[in-house]
Amino acid sequence: MGPLRLRIDGRTFKDSHNREITLRGINVAGECKYPKNPDTPSYISDNFFDADNVSFVGRPFSLDDAHTHFARLRKWGYNTLRYIFTWEAIEHEGPGKYDDEWIAFTIEVLRIAKQYQFYVFLDPHQDVWSRLSGGSGAPAWTLYAAGLNPRTFKKTEAALVQNTYDVPAEFPKMIWSTNYTRLVCQTMFTLFWGGRDFAPKAIINGMNIQDYLQGHFIAACRYFAQKIHEAGDIENDVVIGWESMNEPHRGLIGVQDISVIPPEQQLQLGTSPTAFQAMLTGSGRACEQTTWNFGSFGPHQTGRELVDPEGESAWLPADYDDHKYGWKRDPDWKLGECLWAQHGVWDPSTDQLLQKDYFSKVPQTGEPLNYDRFTNTYFMEHYRAYRDALRSVWPGAIMLCQPPVMEIPPDLKGTADDDPNMIHAVHYYDGLTLLTKHWNRLYNVDVIGVLRGKYLTPAFAVKIGETAIRNCLRDQLKFLRDESLKYMGNHPLIFTEIGIPYDMDDKHAYKTGDYSSQVSAMDANHFALEGSTGNGFTLWLYTTTNNHEWGDNWNGEDLSIYSLDDLELPSGKLLALEGESRTDPDPRSPAYSESQGNPEHHQVGPGNLKDALATPSITSEYTQSNADKLGFRAGEAFIRPSPIYTYGDVLKYVFDLQNCTFTLSLVGSKRILGDEVATEIYLPEFHFPDTQTVVSVSSGEWSIDYTEINSIKVQRLRWWHMEGEQDIKIQGVKRKPGDLSSVSADDLSYLEQCQKGGCTVM
C-alpha cells in the first residue's frame with residue numbers, strides 16, 4: 001500500500017503534501033436502493049414480495065456506463081463519492097447467504113472510480129428499514145424474523161408502501177417518511193437497538209432478536225469489507241472509509257407516553273397514529289386517527305379518519321411455516337400475537353393500554369430514557385461493534401460516525417471513543433422546502449434553533465426575506481459544526497446528505513424550463529455549506545435514470561442533479577455578457593494574464609463559435625457518443641468553484657452566484673526552499689471561461705490550467721502564495737441565473753436554431 005491519499009489531521013483532511021483537502025462530493029446513486037433484476041422501482045408492484053430472488057448486480061450502473069457517469073461528475077467538480085449500498089444487496093436470499101456476484105461487480109465499479117481519482121466512502125443505506133416497509137435497506141427476511149407479515153402492511157397501515165398503493169402515481173409526496181412513526185419501523189428499530197431490554201421474549205436461534213439482527217448486519221458488512229480487502233487495490237487507493245448505518249432511528253426507545261404523539265415528533269402527514277393506535281390497527285382493530293397535511297407553516301391537522309383493517313393483522317399468523325429461513329423461534333415467542341402485547345404493553349383481550357411509559361425507561365432497571373440516552377447507549381453500543389468489525393479487516397479504515405439526524409451527537413470528547421481516525425457525518429435538509437416542494441423566498445424557520453430550545457416560541461424562529469433565509473441556513477450548519485466539536489471532539493465533519501427537490505411547484509420547471517427556484521434553493525444550500533466551516537459534503541443525489549414523470553424512481557422523490565429529461569450543460573464560453581464594460585488589464589498587475597489582454601477572444605459569435613467549444617462538433621441528430629452531455633438542470637448553482645487542496649488552512653470561502661465572484665481566505669504554510677506545491681481551486685469553465693476571468697491575490701503568482709484525470713480535463717486555478725493570512729478573489733462571467741439572456745442576439749438565435757433543429761452542441 002502506498003502513501004495515504006487522504007489522512008485525518010485533527011479536524012481537517014491532509015494530502016501527501018500536507019495540504020488541506022476539501023471534499024466536494026455526491027451520493028451515487030439513487031438506483032442502489034432497489035434491485036436491478038427484476039428492476040423494481042417503488043412504483044412497480046410486480047414481483048414485489050418475491051424479495052429473496054433479486055439481484056443488485058448492475059447498480060448503480062453498468063461497467064460500460066460507469067465511465068460516462070464518473071467522467072461527468074468529475075467534470076462537474078466532484079472529487080468524492082458517497083457510494084450507496086444496502087444490506088439487502090449483500091444478503092437478500094436469506095441469513096448468511098451472501099451475493100458474491102454483486103460484491104465482485106461492485107469491486108469492478110470501484111476500480112473504475114479509482115481511475116477518476118475519487119475519494120469513496122461506503123454508505124450502508126436504509127430508509128424506514130426496508131423496501132417492503134416502504135423504503136430501502138434491510139432484507140425482507142428480517143421482517144419475517146421479527147414476526148411481521150409484509151403482505152398485510154397495506155391493510156393495517158403498519159407501513160405505507162408505494163409499490164402496493166392503489167394508484168402509485170398518486171402516492172402522497174414525502175409520506176414515506178411517516179413510516180418511521182408507524183408500527184413496522186417502530187418495532188424493527190426498537191428490536192434492532194434494544195431488543196434485549198424491551199423484547200426479552202424475542203429469542204431466535206437461541207439469541208435475542210437484537211443480537212440476531214445486529215449480528216447479521218455487521219457480519220454482512222464485514223464480509224463485504226473482507227472481499228474489498230482481498231481485492232488488494234481498493235483500500236486507500238479509492239475507498240477511504242465506511243459510514244455507519246444511514247439515518248439511524250430510535251424506534252420507540254425513549255418515547256415517554258405511547259398514548260399521545262411525542263412533542264418532539266416534527267413530521268405528521270396523512271393518518272398520524274399514536275404508537276398505541278399503531279399497535280391496535282396492527283392487530284386488526286379499527287381505530288380513529290387524526291389526519292394531517294404539511295403546509296407553509298408546518299404540519300396542521302385536517303380532520304380524523306377511521307383506519308379499519310377488518311381483522312387483518314400485521315403479524316404473521318400462528319400457522320405460518322417458520323422453517324423457510326432455517327431459524328428456530330423460541331416457544332415463548334408466539335406468532336399471531338402482537339409482540340408488544342406479549343410483553344405486557346397492552347391487553348389484546350380488552351384493548352386496554354397497560355404501560356404507556358413502557359419505552360420511557362429500561363424495563364429491568366427503571367433507568368429513565370430519552371433521545372440523548374438512546375444516542376449515547378444503544379446507538380453507540382452498535383457503532384462500536386460495527387467499527388471494530390470493519391477495522392478487524394482494515395485497521396486503517398476511516399470511520400464516519402452518523403448519529404441520529406438533527407439530534408445532539410453522542411458525548412465522545414475525551415473518551416475512548418474519541419477516535420482520531422473518525423469523521424462526524426451529518427445530514428441536513430431544509431425541511432420546509434423538501435416537504436412543500438416549494439422554494440419560499442419570503443420566510444423559513446430556524447429548525448435547529450427550535451430543536452435546541454433557542455427560542456421561547458417557534459414564532460421567533462421565523463426568518464423573513466431571502467437574505468435572512470440564506471443566512472439562517474448557513475448559521476444552522478455552522479451551529480451543527482460547532483456542536484460537533486463540543487460533543488464529538490476535534491474531528492472533521494462532512495455533510496453526507498443535503499439537497500433540494502427539483503419537482504417544485506407541481507413540476508413548473510419541467511413545463512416551462514424556468515429553474516430559477518431550483519437555482520435559488522440550491523445556491524442557498526451551497527452558500528450554507530461554504531459558511532459552515534465543515535470539511536466537505538456529499539450532495540443528495542445523483543440518479544442515472546431520473547425522469548420528469550417518476551423523479552428518482554423512489555417514493556416520488558426528485559432530488560437528482562441529473563435527469564434523462566433535461567438538457568445539456570451549456571458551455572460557459574457561450575454565456576459571456578455581450579458588451580459588458582471591462583477595464584483594460586494592467587500587465588503589471590498580479591491579476592494579469594496574457595489571455596486577458598487579447599480582446600478578440602472576449603466575444604463569441606457565429607463566426608468563432610466553433611473555436612469557443614471544447615469539442616467543436618455539431619450534429620443534426622442525437623448519437624450515443626454524446627449521451628454523456630445530457631442531464632443538466634440548474635447546474636449554475638451546484639457547479640461552483642471550491643478549494644480542493646490548500647497549502648495551509650482554509651479560513652473561509654464563498655461563491656457569490658449573483659455576481660459570479662469567488663473569494664477564499666487562508667493561512668498559508670511556511671515554504672521550504674524548492675517547494676513548488678500550490679493551493680488548487682476547482683474553477684468551472686461554466687462560470688469562469690479562461691478568457692473572461694479576472695483574478696486578484698494578496699501575494700504570489702497564479703495560473704489557470706487544466707488537470708487531466710483519465711482523459712477528462714478539469715479547469716483549475718493554482719496559486720503559489722506566501723505564508724500567513726492570504727486572500728484571493730476570482731471574478732467570472734456575471735449573468736442572470738437560469739437563462740441565456742446574456743448571450744449576444746446572434747449567438748442566441750444560432751443556439752435556438754440548433755435546438756429547434758434537434759442539433760446538439762458538444
Search result, residues across the stretch 509-519 that are in a helix (DSSP H, G or I) and either closer than 14 Å to residue 437 by Cβ or of a type outside the set (Ser, Thr, Tyr) (or both)
509, 510, 511, 517, 518, 519
Those residues that are in contact with a strand residue (DSSP E or B) (Cβ under 7 Å, 6 or more places away or on another chain), within 27 Å of residue 224 (Cα to Cα) and either of a type in the set (D, E, K, R) or surrounded by fewer than 18 Cβ atoms within 10 Å (Cβ to Cβ) (or both), I need them from the stretch 359-391; list them, please.
387
If we ask which residues in the stretch 639-649 are in a strand (DSSP E or B) and crowded, with 18+ Cβ neighbours inside 10 Å, their number turns out to be 6
Going by the structure shown, is residue 210 within 24 Å of residue 149 (Cα to Cα) and surrounded by fewer than 23 Cβ atoms within 10 Å (Cβ to Cβ)?
no
Residue count for the stretch 43-81, restricted to those that are over 30 Å from residue 688 (Cα atoms) and either of a type in the set (Val, Ile, Thr) or touching a residue at least 12 places away in the same chain (Cβ under 8 Å) (or both):
17
Output the number of residues of the stretch 620-636 satisfying the condition of being touching a Gly at 6+ places or on another chain (Cβ under 9 Å) and either modelled with pLDDT of 90 or more or of a type in the set (Ser, Thr, Tyr) (or both).
4
Scope the stretch 521-548; condition out of contact with any Leu (no Cβ under 6 Å at 6 or more places or on another chain), within 17 Å of residue 476 (Cβ to Cβ) and without any contact (Cβ under 8 Å) to a residue 60 or more places away in the chain; matching residues
529
Out of the stretch 717-732, which residues are crowded, with 21+ Cβ neighbours inside 10 Å and in a strand (DSSP E or B)?
717, 719, 726, 728, 730
Condition check for residue 469: surrounded by 24 or more Cβ atoms within 10 Å (Cβ to Cβ), among the aliphatic types (A, V, I, L, M) and not assigned by TED's automatic domain parsing to the domain that holds residue 23
no
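Residue by residue, here is whether (1) at pLDDT 95 or above; (2) surrounded by fewer than 18 Cβ atoms within 10 Å (Cβ to Cβ); (3) outside any loop (DSSP other than H, G, I, E, B); (4) hydrophobic (A, V, I, L, M, F, W, C) holds:
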site	(1), (2), (3), (4)
667	yes, yes, yes, yes
671	no, yes, no, no
674	no, yes, no, no
743	no, no, no, yes
Considering only residues that are among the β-branched types (Val, Ile, Thr) and over 22 Å from the mean Cα position of the chain (by Cα), which ones fall in the stretch 225-280?
228, 234, 253, 255, 258, 260, 261, 271, 274
With the requirement that a residue be in contact (Cβ under 8 Å) with a residue 12 or more places away in the chain, out of contact with any helix residue (DSSP H, G or I) (no Cβ under 7 Å at 6 or more places or on another chain), of a type outside the set (D, E, K, R) and over 23 Å from residue 184 (Cβ atoms), what does the stretch 327-378 give you?
370, 376
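The values are calculated or read from the model by the stated rules, or taken from the named source; none is laboratory data. The model shown is predicted, which means the values in this text are computed figures rather than measured ones. Virtual Cβ from ideal backbone geometry, glycine too; neighbours counted across all protein chains shown.
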